[in-house]
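The values are calculated or read from the model by the stated rules, or taken from the named source; none is laboratory data. Because the structure is predicted, anything quoted here is derived from the model rather than measured. All Cβ positions, glycine included, derive from the backbone under ideal geometry; neighbour counts span all protein chains shown.
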Amino acid sequence: MQRTAVQREHHLGSRYLPGPAWLHFVALGLVLNLSLKLIFPDPLPTLGPPDPLRIQRQVALHEALTGTRAGLSTIEKIIDLQLQEEMLFSLALDAGSFKTDPIVSNQLIRNMRFLYPKDDRSDEQMRVAALALNLHLTDELVRQRLVQIAKQALESMLPAQQITEEQLHARFAERSQDLRRPAQVSFSHILLDPTDPAIARTLLLQLQAGEIDEASGARLGRPFLSGRVFSELSWDEVTERLGLEFSTELQDAIGQNATAWIGPLSSPYGLHLVNIRSYATPRSLSLDEVRSALQSELARESRQRALDERLRKLMTGYQKVRP
């Protein structure tokens, strides 16, 4: 008996794949579509090329900070960072951070007030107008703020960094020579008029002899905004507050085993009679004294490595155009 056309079709189809013929066509279409995506994948989003003026500014900043001319490798790193910033800026724009951040809003309003000084619209109206003009895309401060927000968002998603005792001991061993407490000095002082050193010397003799107490002597002096008593200052801190000449003279006096009242010492503010209250020489710090600082340091470094790796992986999803 001869088979009908339907029977022949059913017979041929059943030889290879089960189910109706239309399902075969759907399956074949899906396979072809996936094959095309594998052979011809969608193009990656593009980053760059970076703004040449921005690169020039970063190169100039590097040279000003280091005092050396930027080499090719340094310029390449600057370009990499600019491309990374462009990606972070794009992520912040996609997240809509420019609509809600108060720093961005204030900057946009400030720009609009500068551009339209006679405009009496409210701050909110000016902010909306600035966004309509795309000022958030061109302002450098806004750009840097949005890059910062995107980086902070990525960092907040990183797992907590656990620091082990082994890591702490290893870092302490590495930095044991650097982990020293500097010399620290505690003193009080009386500030006097620099034009009459004879009065300063007379008052010093009275203080040294105990003829007048410190409180009474202080009333004869001039006010000093930074205060009259200083506790546990390093020499750098003394120099920062009272000047190099004062710091040098005080170090010389302590080096000669001076105690109690000395002076007069000179500073940009006048003449000082100084009561040396205590002095501690430099010493090495123990692990317990620096444990918290080392934990913070190691956690910060670990977090930065994790963030760098996250950024590196994100960058692989972009086609980068270099200048």
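Given LEU192, LEU244, which one is exposed (fewer than 15 other Cβ atoms within 10 Å of the Cβ) and at pLDDT below 95? Spell out how you get there, then give the answer.
On the way: LEU192 fails: exposed (fewer than 15 other Cβ atoms within 10 Å of the Cβ).
Result of the check over LEU192, LEU244: LEU244.
State yes or no: is GLN256 surrounded by 14 or more Cβ atoms within 10 Å (Cβ to Cβ), out of contact with any strand residue (DSSP E or B) (no Cβ under 6 Å at 6 or more places or on another chain) and more than 30 Å from MET87 (Cβ to Cβ)? Lay out the reasoning, then the answer.
Details: surrounded by 14 or more Cβ atoms within 10 Å (Cβ to Cβ): no; out of contact with any strand residue (DSSP E or B) (no Cβ under 6 Å at 6 or more places or on another chain): yes; more than 30 Å from MET87 (Cβ to Cβ): yes.
Against the criterion (surrounded by 14 or more Cβ atoms within 10 Å (Cβ to Cβ), out of contact with any strand residue (DSSP E or B) (no Cβ under 6 Å at 6 or more places or on another chain) and more than 30 Å from MET87 (Cβ to Cβ)), GLN256 does not qualify.
Since TYR279 meets every condition but one in (1) over 27 Å from the mean Cα position of the chain (by Cα); (2) farther than 19 Å from ARG180 by Cβ, which condition does it not meet?
(2) is the only condition that TYR279 fails.
Within the stretch 122-129, does at least one residue satisfy the condition of being among the small types (Gly, Ala, Ser), in a helix (DSSP H, G or I) and within 30 Å of the chain's Cα centre (by Cα)? Talk me through it step by step, then tell me what you get.
Taking the stretch 122-129 as the starting set, the residues that turn out to be among the small types (Gly, Ala, Ser) are 122, 129.
Right, trim to in a helix (DSSP H, G or I) and you get 129.
Within this subset, residues satisfying the condition of being within 30 Å of the chain's Cα centre (by Cα) are none.
No, the stretch 122-129 contains no residue that is among the small types (Gly, Ala, Ser), in a helix (DSSP H, G or I) and within 30 Å of the chain's Cα centre (by Cα).
LEU93: of a type outside the set (Asp, Glu), buried (at least 19 other Cβ atoms within 10 Å of the Cβ) and either in contact with a strand residue (DSSP E or B) (Cβ under 6 Å, 6 or more places away or on another chain) or in contact (Cβ under 8 Å) with a residue 40 or more places away in the chain (or both), yes or no?
On the way: of a type outside the set (Asp, Glu): yes; buried (at least 19 other Cβ atoms within 10 Å of the Cβ): no; either in contact with a strand residue (DSSP E or B) (Cβ under 6 Å, 6 or more places away or on another chain) or in contact (Cβ under 8 Å) with a residue 40 or more places away in the chain (or both): yes.
It is false that LEU93 is of a type outside the set (Asp, Glu), buried (at least 19 other Cβ atoms within 10 Å of the Cβ) and either in contact with a strand residue (DSSP E or B) (Cβ under 6 Å, 6 or more places away or on another chain) or in contact (Cβ under 8 Å) with a residue 40 or more places away in the chain (or both).
With the requirement that a residue be over 30 Å from ASP288 (Cβ atoms), touching a helix residue (DSSP H, G or I) at 6+ places or on another chain (Cβ under 8 Å) and surrounded by 15 or more Cβ atoms within 10 Å (Cβ to Cβ), what does the stretch 140-188 give you?
Across the stretch 140-188, the qualifying residues are VAL142, ARG143, ARG145, LEU146, VAL147, ILE149, ALA150, LYS151, LEU154, SER188.
Need the failing condition index for SER105 against (1) of a type outside the set (Val, Ile, Thr); (2) within 26 Å of the chain's Cα centre (by Cα); (3) within 30 Å of GLN319 (Cβ to Cβ); (4) surrounded by 14 or more Cβ atoms within 10 Å (Cβ to Cβ), just the number.
For SER105, the exception is condition (3).
Using beta carbons and a limit of 9 Å, which pairs, at least six apart or on different chains, have the first residue in the stretch 221-235 and at pLDDT 90 or above and the second one loosely packed, with under 12 Cβ neighbours inside 10 Å and not basic (Lys, Arg)?
Taking only residues 6 or more apart or on different chains, the pairs are SER231/SER278; GLU232/SER278.
Considering only residues that are in contact with an Asp or Glu (Cβ under 9 Å, 6 or more places away or on another chain) and over 30 Å from ARG171 (Cβ atoms), look in the stretch 275-307 and name the one that is modelled with the highest pLDDT.
The extreme case among them is ASN275.
Can you name the residue in the stretch 292-323 that is surrounded by 14 or more Cβ atoms within 10 Å (Cβ to Cβ) and basic (Lys, Arg) and is also nearest to ILE79 (Cα to Cα) among such residues?
Per the stated criteria, the residue is LYS320.
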